[in-house]
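The values are calculated or read from the model by the stated rules, or taken from the named source; none is laboratory data. Being a predicted model, the structure only gives us computed values, none of them experimental. All Cβ positions, glycine included, derive from the backbone under ideal geometry; neighbour counts span all protein chains shown.
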Amino acid sequence: MIAVMGAAGNVGGAVARLLLDAGQEVRILEHTRDLTQLRARGADIVKGDAMKVEDLRSLFAEASAALVLLPDNVTDPSFIENRVTMSRAISDALRAEGVNHVVALSAVGAARADAPGPPGGLHLFEQDLHDLDAANVMLLRSAFYMDYLLAALPMIQEQQVNGSATKADARFPMVATVDVAREAADRLIKRDFTGHEVRLLLGPEDVTMSEATQAIGERLGMPDLPYVEFPPDGVKGALIGAGMSDQAAGLIVDMQIALSEGLYFEGVQRSAGSTTPTRLDDFLSKALGNDSPE
């Protein structure tokens with residue numbers, strides 16, 4: 001049995017489907033979002049809250065391996081505090097149930113204790129998992145998800161502009177969540193890691209927000225779509241207006257600024273092992289259903 005957290009999300013859901021496709025027994029945690037489609041495919045569903053140790057113990061009971069992560073509930077007014085509680089609950093439940101192999105979703109930058117934005121919380125998560133002396137733990141530290149670019153589509157379509165607090169010409173790695181899910185599922189099935197290991201997932205190329213905006217615009221019939229560097233306070237206000245909590249919005253802005261400054265990727269170099277196959281053009285062609293012009 002392989003236990004999967006976050007099955008309602010992009011990565012966790014894809015991992016669950018890949019495992020089921022491979023004939024694995026899968027148990028998933030259902031909290032607020034309905035997961036009956038995965039149940040129909042054969043997944044065992046445990047209802048519960050990822051902040052409660054007992055609910056997580058039910059998820060991890062008799063599991064030979066588990067995918068663990070901290071879901072991004074960006075509407076949570078206590079986003080930071082609840083992620084700390086969830087991190088401790090996950091590690092306590094894994095220890096209590098004696099899960100032998102654990103694959104954890106993290107981010108490049110989480111190695112830094114002073115990492116700004118969401119990776120800062122993932123640093124604490126990694127520390128909690130490091131204390132699982134009896135378990136084999138694989139940390140998947142991913143670059144910026146290409147999927148995050150799609151969150152700007154409503155603004156692009158309504159205002160004919162894309163933008164954030166990240167500098168237009170800041171170049172950094174981007175990775176598709178489908179590639180992260182494939183790596184996670186493969187490691188969960190093979191369980192070919194021992195001790196505590198880290199694997200970077202950096203995508204096939206570094207991209208700027210200006211380049212990403214141009215690629216999006218071409219697929220939306222807006223070849224001249226501009227990218228604008230918005231002031232951080234304005235970005236935070238817009239995110240709060242879109243429904244994010246003050247804490248979550250502040251962390252997202254901190255992340256956008258850190259991307260501009262290259263903080264997460266200092267000393268990080270792409271290698272054959274960290275290069276994933278999906279290019280941004282391929283991701284956008286599939287996500288937006290339109291090939292770029294020749």
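Pick from Gly203, Gly234: which is at pLDDT 95 or above, surrounded by 14 or more Cβ atoms within 10 Å (Cβ to Cβ) and small (Gly, Ala, Ser)? Show your work before the answer.
On the way: Gly234 fails: surrounded by 14 or more Cβ atoms within 10 Å (Cβ to Cβ).
None of the others qualify; the one that does is Gly203.
Can we say Ala113 is in a loop (DSSP other than H, G, I, E, B) and free of Cβ contacts under 8 Å to residues at least 12 places away in the same chain? So that I can check it myself, show each step before the final result.
Values: in a loop (DSSP other than H, G, I, E, B): yes; free of Cβ contacts under 8 Å to residues at least 12 places away in the same chain: yes.
Yes; evaluated as a whole, the condition is true for this residue.
Quick check: is even one residue across region 281-289 within 30 Å of Ala184 (Cβ to Cβ) and either of a type in the set (Phe, Trp, Tyr) or assigned to a loop (DSSP other than H, G, I, E, B) (or both)? Outline the logic, then answer.
Restricting attention to region 281-289, the residues satisfying the condition of being within 30 Å of Ala184 (Cβ to Cβ) are 281-289.
Pick out the ones that are also either of a type in the set (Phe, Trp, Tyr) or assigned to a loop (DSSP other than H, G, I, E, B) (or both) and you get 283, 289.
Looking for residues that are within 30 Å of Ala184 (Cβ to Cβ) and either of a type in the set (Phe, Trp, Tyr) or assigned to a loop (DSSP other than H, G, I, E, B) (or both), one finds at least one in region 281-289, hence yes.
State which residue is farthest from Asp186 (Cα to Cα) when the search covers only region 19-53 and only residues that are in contact (Cβ under 8 Å) with a residue 24 or more places away in the chain and part of a helix (DSSP H, G or I).
Val53
If you check Ala8, Ala22, which single one turns out to be touching a Leu at 6+ places or on another chain (Cβ under 9 Å), among the aliphatic types (A, V, I, L, M) and surrounded by fewer than 24 Cβ atoms within 10 Å (Cβ to Cβ)? Can you show your working first?
Numbers: Ala22 fails: touching a Leu at 6+ places or on another chain (Cβ under 9 Å).
Within the list Ala8, Ala22, the selection yields Ala8.
Only one of (1) in contact (Cβ under 8 Å) with a residue 60 or more places away in the chain; (2) under 30 Å from Ser210 (Cα atoms); (3) outside any loop (DSSP other than H, G, I, E, B) is not met by Leu67, so which one is it?
Looking at each condition in turn, Leu67 falls short on (2).
Residue-by-condition table, conditions (1) surrounded by fewer than 17 Cβ atoms within 10 Å (Cβ to Cβ); (2) more than 30 Å from Phe283 (Cα to Cα); (3) touching a Cys at 6+ places or on another chain (Cβ under 8 Å):
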site: Ser91; (1), (2), (3): no, yes, no
site: Ala104; (1), (2), (3): no, no, no
site: Val108; (1), (2), (3): no, no, no
site: Ala113; (1), (2), (3): yes, yes, no
site: Leu122; (1), (2), (3): no, no, no
site: Asp131; (1), (2), (3): yes, yes, no
site: Asn136; (1), (2), (3): no, yes, no
site: Leu153; (1), (2), (3): yes, no, no
site: Glu158; (1), (2), (3): yes, no, no
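Six or more apart or on different chains, Cβ atoms under 7 Å: show the pairs whose first residue is in region 220-245 and among the small types (Gly, Ala, Ser) and whose second is in a loop (DSSP other than H, G, I, E, B).
Gly243/Thr75; Ser245/Val74; Ser245/Thr75; Ser245/Asp76; Ser245/Pro77
Taking the stated definitions as given, is Phe144 modelled with pLDDT of 95 or more, surrounded by 21 or more Cβ atoms within 10 Å (Cβ to Cβ) and under 21 Å from Asp281 (Cα atoms)? Spell out how you get there, then give the answer.
Details: modelled with pLDDT of 95 or more: yes; surrounded by 21 or more Cβ atoms within 10 Å (Cβ to Cβ): yes; under 21 Å from Asp281 (Cα atoms): yes.
Against the criterion (modelled with pLDDT of 95 or more, surrounded by 21 or more Cβ atoms within 10 Å (Cβ to Cβ) and under 21 Å from Asp281 (Cα atoms)), Phe144 qualifies.
Looking at Ser58 and the list (1) modelled with pLDDT under 95; (2) more than 21 Å from the chain's Cα centre (by Cα), which single condition is not satisfied?
(1)
Within the group Leu129, Leu150, Leu124, Leu140, which residue is aliphatic (A, V, I, L, M) and part of a strand (DSSP E or B)?
Being aliphatic (A, V, I, L, M) and part of a strand (DSSP E or B) holds for just one of Leu129, Leu150, Leu124, Leu140, which is Leu140.
Suppose we filter region 245-294 for residues that are farther than 25 Å from Glu183 by Cα, surrounded by fewer than 20 Cβ atoms within 10 Å (Cβ to Cβ) and in contact with a Ser or Thr (Cβ under 8 Å, 6 or more places away or on another chain); how many remain?
6
Taking region 55-111 on its own, how many of its residues are farther than 21 Å from Ala135 by Cα and not charged (D, E, K, R)?
So in region 55-111, the residues farther than 21 Å from Ala135 by Cα come out as 71-83, 108-109.
Now restrict to residues that are not charged (D, E, K, R): 71, 73-75, 77-80, 82, 108-109.
Qualifying residue count for the region: 11.
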